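The values are calculated or read from the model by the stated rules, or taken from the named source; none is laboratory data. The shown structure was predicted, so the numbers you read here are calculated from the model rather than taken from an experiment. Positions of Cβ are generated from backbone atoms using ideal geometry, with glycine treated the same way; all protein chains shown enter the neighbour counts. To get the accessible areas, we keep the full protein, side chains included, count just its heavy atoms, and leave off ligands, DNA and RNA. Shrake-Rupley method; radii C 1.70, N 1.55, O 1.52, S 1.80 Å.
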Amino acid sequence: MNSLMNPKLLPVYLLFVWQFQLFAEATASESVILWSTVSPSGTYALARPKTISTSSDSDKGAANSKPATELSIVNLQTKEPVLDFSGFGATDFVPLDPIDASSTHWFCAWAPQEDHLLVVNALDPLTCLQADLPDGHISNVGSTLVAAATRIANGPTTRKPSYSARPAHLSIIDVHFISSRECYVTVNIDFSSGSDARRVDLYFQINASGNSLVFERSEPYPNPNQPLGASILASRQVERLYQTLRGVLNEEDRQLLTMQQQSWLGGREFLDNYEDRVAFVQMRVAELRQRLKEALQKKSAE
């Protein structure tokens, strides 16, 4: 058989390729980018379909033993999905508001190298996921989180009200990667939805010993009523806002923001008094919030 294409068929072939490319571009664009989940370099973000799947679509997915995809990690440069999630509703991440953490039930925490991602349900820790982008694997780590928090809640140092025999209610306040292989999760432990709530930082290793998440240790949550603790918590807030804003900006503005942040960090180091640091950091928080709000509004309008 002649391996060369018949010249008469070349126009037909080129037309087919062009139509296929248009179809691929249209398919990739048929999603809504959740910009508040963007990675710090602006490479990845979570996306959901523009239209909610109908029951017939779900039935087709079930018939093919492949559930319909409701969420994806998308490469923003290539517009291609990297990993698909199933089992999510189309509105689970809507709205995601990093400006007002109290209104955010779902949020993401990226590792510095953007090779790992924790998808967090603040009100239902059992449903939390960990994504390993290099291996193309997603695992549910909720049971590990809950087991570690429950272990701390039931420990001898935890003050439990004598009148309540109910298990503690757990919620996640914050997640932050220290490195690509270690993160901490701030958990709120509440025995009676009253004044008995307690927060603790739980540290985990990522993909250690073949597991997706391994509990390492717990540390006391910084005391917001003390200058040192308030300074630590304010710095955590700055870091989260800064990382999210970096991902939303274009490359030129991202580089400018990085230089501004480095200059700001240098100024903070000159302050020896923690109360002065808190005031200094709070000013930066307000500035980053406003800039992030404007950037997200711009992205939504595009």
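Per the listing ARG277, ARG246, the residue uniquely charged (D, E, K, R), surrounded by 14 or more Cβ atoms within 10 Å (Cβ to Cβ) and within 28 Å of ASN121 (Cβ to Cβ) is ARG246. All conditions in (1) out of contact with any Lys or Arg (no Cβ under 7 Å at 6 or more places or on another chain); (2) open to solvent by less than 20 Å² (accessible area, probe 1.4 Å); (3) small (Gly, Ala, Ser) hold for GLY266, with the sole exception of (2). Of note, GLU239 does not satisfy the criterion of being open to solvent by 70 Å² or more (accessible area, probe 1.4 Å), out of contact with any Cys (no Cβ under 9 Å at 6 or more places or on another chain), within 22 Å of LEU296 (Cβ to Cβ) and not polar (S, T, N, Q). Looking for something under 22 Å from the mean Cα position of the chain (by Cα) and in a loop (DSSP other than H, G, I, E, B) - is there at least one such residue anywhere in the stretch 193-203? No: zero hits. For the stretch 20-42, a tally of residues being assigned to a helix (DSSP H, G or I), among the β-branched types (Val, Ile, Thr) and modelled with pLDDT of 65 or more returns 1. Among the residues of the stretch 238-293, the one identified as within 25 Å of ALA45 (Cβ to Cβ), hydrophobic (A, V, I, L, M, F, W, C) and outside any helix (DSSP H, G or I) is LEU249.
For the stretch 220-228, the condition of being open to solvent by 60 Å² or more (accessible area, probe 1.4 Å) and under 30 Å from ASN140 (Cβ atoms) holds for at least one residue.
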